[in-house]
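The structure appears right after this line, and notes come after that.
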Amino acid sequence: MKKIFTTLCLVIILTILTACGNESGGGGDDQYVIRIAWWGSQMRHDATIEVIELFMEQNPDIYIEYEFFDPDGYWTAMNTRVASDDVWDVFQMGGNFQQYIDNILDITPFIEDGTIDVSRTDESFLNTTYFEGKMVGISNGVNSNGIAFDPALFEEAGAPLLHADWTWDDFANSAMIIHENLGIYGSSALSDFIALTILVTQSGANFFDPATNSTTLGFDDPSILVPYFEMRRDLVQAGAFPDAGRLATITDIEGDLLVTGDAAMTWVASNQFITVANAAGRPLELVPLPRLTAGGESGMGLTSSQMLSISNASPYPEAAARFINFFQNDEEANRILAGERGVPIMSHIREMLSENADENLATVYAFVGLAGELDTGLGNPLESPNNPEIRDHFEFLLEQVIFGQIEAEAAAEDLRDFAEDVLARN
């Protein structure tokens, strides 16, 4: 298991520093004690801790204990806490929130009474965290998936610069050119399962059927999955894409192969671009994901990057709601957060950040605007409560294809059949 990142903090004056967030300290008789957890990069950890400390300064009746993790460590801890009915009061959620829906409090009452102020956002943003009549959280920001790349490496390799209407064939060709001419990987990691589901949408279907809340498949013909299996196999076998062993050495986004100069492009969610560009320390650019055909369906859209949710077992839900309101609406807090989790949903925060946007933040804002234009509203559910099981089987099949143990066509049929069976059983 990857190392869980924790922070050291002062428990009481002159006591020993201990790891575990700041769980052991604070909380007087006149204070509410709430627990908060999130995952992310070191940049996110530092900013979030600073915001928590700012909140406690301004709200002395609330003391916050916090823990932070890398993504794998977070979900391990989350599942352990769910099993023991001990989930944090406030916790970060992603697109897999349906898996934890029984642990999430409907925050509608706190919106209605003004504890969480949503007067400076609109319904489309709020809908990103609305599910089956329940407000499951408030989005920390909207984003979209894309490809970050180093234009200098592309020019040095003689590969065409990437643009908004490029294709998966262009992706593969550029990766090959870069590897052949520079001896590095054309691309670093892709979010393979999300890429596959988007490719299905680009083919005119959906991997998961939005009409059934992702409880059935949205396609019948497994042949539409074949090109992705073949592309990944061909790139790895040519040395233009890292194999599983090399990918396993990437433990966080700051260590991505694009950052280290060992690859010329990589998959990012738009909210990750600032961290990647800052870590790389050189100019990078950001383009939409490749399409199946030039001018064809993009499969893209805006989604909630993550959200802050409240546990339905929290003894102090109003205190938790006050923190969420601060996190979303306080200008000083959001200067610290700097939109790293995604483009903020509150209009006054977006305006404030835009006034002092550096080149990387301006790139993200422009990209999110383009993603919104490319979103045709067809609906492309990337997640299902059964995602982990289906994704893990897909990754197993992908490795078999890459190592030549099965053909891409057989893997595509196997994945379709396996996914149908999992969805039917659950």
Number of positions in the range 290-339 that are in contact with a Lys or Arg (Cβ under 8 Å, 6 or more places away or on another chain) and within 22 Å of Arg35 (Cα to Cα) | 3
Top-ranked residue in the range 304-318 [being in contact with a Ser or Thr (Cβ under 8 Å, 6 or more places away or on another chain) and more than 13 Å from Met135 (Cβ to Cβ); ranked as modelled with the lowest pLDDT] = Ser305
Would it be correct to say that Arg341 is assigned by TED's automatic domain parsing to the domain that holds Asn360, out of contact with any Pro (no Cβ under 7 Å at 6 or more places or on another chain), assigned to a helix (DSSP H, G or I) and of a type in the set (Lys, Arg)?
-> no
Members of the range 79-99 found to be among the aliphatic types (A, V, I, L, M) and touching a residue at least 40 places away in the same chain (Cβ under 8 Å), listed by number = Val87, Val90, Met93
Please work out which one of (1) closer than 28 Å to Met43 by Cβ; (2) in a helix (DSSP H, G or I); (3) open to solvent by 30 Å² or more (accessible area, probe 1.4 Å) is the condition Thr249 fails and give its number.
-> (2)
Please verify whether the range 198-216 includes one or more residues that are modelled with pLDDT of 95 or more and over 26 Å from Glu373 (Cα atoms).
-> no
Quick one: Thr260 ticks every box in (1) more than 28 Å from Gly372 (Cα to Cα); (2) surrounded by 23 or more Cβ atoms within 10 Å (Cβ to Cβ) bar one, so which box is it?
-> (2)
From the list Thr293, Thr275, which residue is hydroxyl-bearing (Ser, Thr, Tyr), buried (at least 21 other Cβ atoms within 10 Å of the Cβ) and not assigned by TED's automatic domain parsing to the domain that holds Ile49?
-> Thr275
Checklist (1) touching a strand residue (DSSP E or B) at 6+ places or on another chain (Cβ under 6 Å); (2) free of Cβ contacts under 8 Å to residues at least 24 places away in the same chain applied to Glu373, failing item | (1)
Looking only at the range 67-122, which residues are part of a loop (DSSP other than H, G, I, E, B), under 27 Å from Glu50 (Cα atoms), of a type in the set (Ser, Thr, Tyr) and open to solvent by 40 Å² or more (accessible area, probe 1.4 Å)?
-> Ser119
Apart from one, (1) farther than 18 Å from Asp170 by Cβ; (2) out of contact with any Leu (no Cβ under 7 Å at 6 or more places or on another chain) all hold for Leu225; the odd one out is (2)
May I ask you to list the residues in the range 148-170 that are within 21 Å of Gly301 (Cα to Cα) and either crowded, with 22+ Cβ neighbours inside 10 Å or outside the structural domain of Phe241 (by TED's automatic domain parsing) (or both)?
-> Ala148, Phe149, Leu162
Pairs, please: C-beta under 8 Å, at least 6 apart or cross-chain, first residue farther than 28 Å from Ala294 by Cα and in the range 203-214, second loosely packed, with under 14 Cβ neighbours inside 10 Å?
-> Asn213/Glu132
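The values are calculated or read from the model by the stated rules, or taken from the named source; none is laboratory data. Here the structure is a predicted model, which is why all the values come from computation and not from measurement. Virtual Cβ from ideal backbone geometry, glycine too; neighbours counted across all protein chains shown. Side chains included, ligands, DNA and RNA excluded: accessible areas come from the protein's heavy atoms. Shrake-Rupley method; radii C 1.70, N 1.55, O 1.52, S 1.80 Å.
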